[in-house]
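The values are calculated or read from the model by the stated rules, or taken from the named source; none is laboratory data. Here the structure is a predicted model, which is why all the values come from computation and not from measurement. Note that each Cβ is placed from the backbone with ideal geometry, even for glycine, and that neighbours are counted across all protein chains shown.
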Amino acid sequence: MEGKEKPKRIVIVEDSQEIREIYEMKLQSGGYEVLTAKDGELGESLIKKERPDLVLLDIMLPKKDGYDIMKDMKTGGAGEIPVIVISNLSSKEDALEAKKLGAVDYFIKADLTPADVLWKVDMFFKNNKPNSLIKFPNPPAL
């Protein structure tokens with residue numbers, strides 16, 4: 001068989017079943033392999049086991065929050081897996097904390113349609129870089 005590229009694998013860690021299922025269906029329609037978890041403990045276990053190409057991570061989760069998952073990914077050998085945070089936490093401080101912990105992007109859930117999520121994931125893989133509407137501050141010039 002000729003080299004058909006294996007679909008990118010994405011783990012969605014989201015406690016809202018409705019949102020999780022909508023994102024899953026939309027990303028699958030875009031050709032992605034999608035695995036989901038409904039809480040932080042299951043999500044972290046799935047990330048470690050499956051080693052996905054990308055994680056879509058909520059912050060406010062039962063059992064273990066998204067910040068703790070990102071901390072453990074950094075120290076537990078999964079820090080190279082890119083994380084895009086999709087959360088209802090909308091303060092600049094939350095976005096900066098996520099960035100400090102290694103998130104490549106941060107989006108406000110209420111601002112995104114499922115089509116937006118698919119587009120942002122497509123652009124991430126196409127450009128292999130973030131495409132956030134939230135601009136993280138640049139470090140001061142020396």
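Could you grab the pairs with beta carbons closer than 8 Å, sequence gap of 6+ or different chains, first residue in region 88-102 and touching a residue at least 60 places away in the same chain (Cβ under 8 Å) and under 14 Å from Ile69 (Cβ atoms), second one assigned to a helix (DSSP H, G or I) and of a type in the set (A, V, I, L, M)?
none
Sort through Glu41, Glu14, Glu50, Glu21 and tell me the only one that's under 17 Å from Pro114 (Cβ atoms) and over 14 Å from the mean Cα position of the chain (by Cα).
Glu21
Just for region 1-29: of the residues that are at pLDDT below 95 and out of contact with any strand residue (DSSP E or B) (no Cβ under 9 Å at 6 or more places or on another chain), which one is nearest to Asn88 (Cα to Cα)?
Out of the qualifying residues, it is Glu5.
Against the definition (modelled with pLDDT of 95 or more and either in contact with a strand residue (DSSP E or B) (Cβ under 6 Å, 6 or more places away or on another chain) or part of a helix (DSSP H, G or I) (or both)), how does Leu42 come out, yes or no?
The answer is yes for Leu42.
Every residue in region 60-78 that is closer than 14 Å to Val104 by Cα and within 13 Å of the chain's Cα centre (by Cα), please.
Selection gives Gly66, Tyr67, Met70, Met73.
Restricting the search to region 34-63, which residues are basic (Lys, Arg), more than 25 Å from Lys6 (Cα to Cα) and surrounded by fewer than 17 Cβ atoms within 10 Å (Cβ to Cβ)?
Once the filter is applied, which keeps residues that are basic (Lys, Arg), more than 25 Å from Lys6 (Cα to Cα) and surrounded by fewer than 17 Cβ atoms within 10 Å (Cβ to Cβ), region 34-63 yields only Lys63.
Please count how many residues of region 104-131 are of a type outside the set (Phe, Trp, Tyr) and outside any helix (DSSP H, G or I).
Of the residues in that region, 9 qualify.
Would you be able to tell me the number of residues in region 49-83 that are touching a helix residue (DSSP H, G or I) at 6+ places or on another chain (Cβ under 9 Å), part of a helix (DSSP H, G or I), touching a residue at least 40 places away in the same chain (Cβ under 8 Å) and not aliphatic (A, V, I, L, M)?
Counting residues in region 49-83 that are touching a helix residue (DSSP H, G or I) at 6+ places or on another chain (Cβ under 9 Å), part of a helix (DSSP H, G or I), touching a residue at least 40 places away in the same chain (Cβ under 8 Å) and not aliphatic (A, V, I, L, M) gives 1.
Just checking, how many residues over region 84-103 are of a type outside the set (A, V, I, L, M) and part of a strand (DSSP E or B)?
Looking only at that region, the number is 1.
Can you confirm whether region 89-106 contains a residue that is over 12 Å from the mean Cα position of the chain (by Cα), of a type in the set (Phe, Trp, Tyr) and under 20 Å from Met123 (Cβ atoms)?
The answer is no; no qualifying residue exists.
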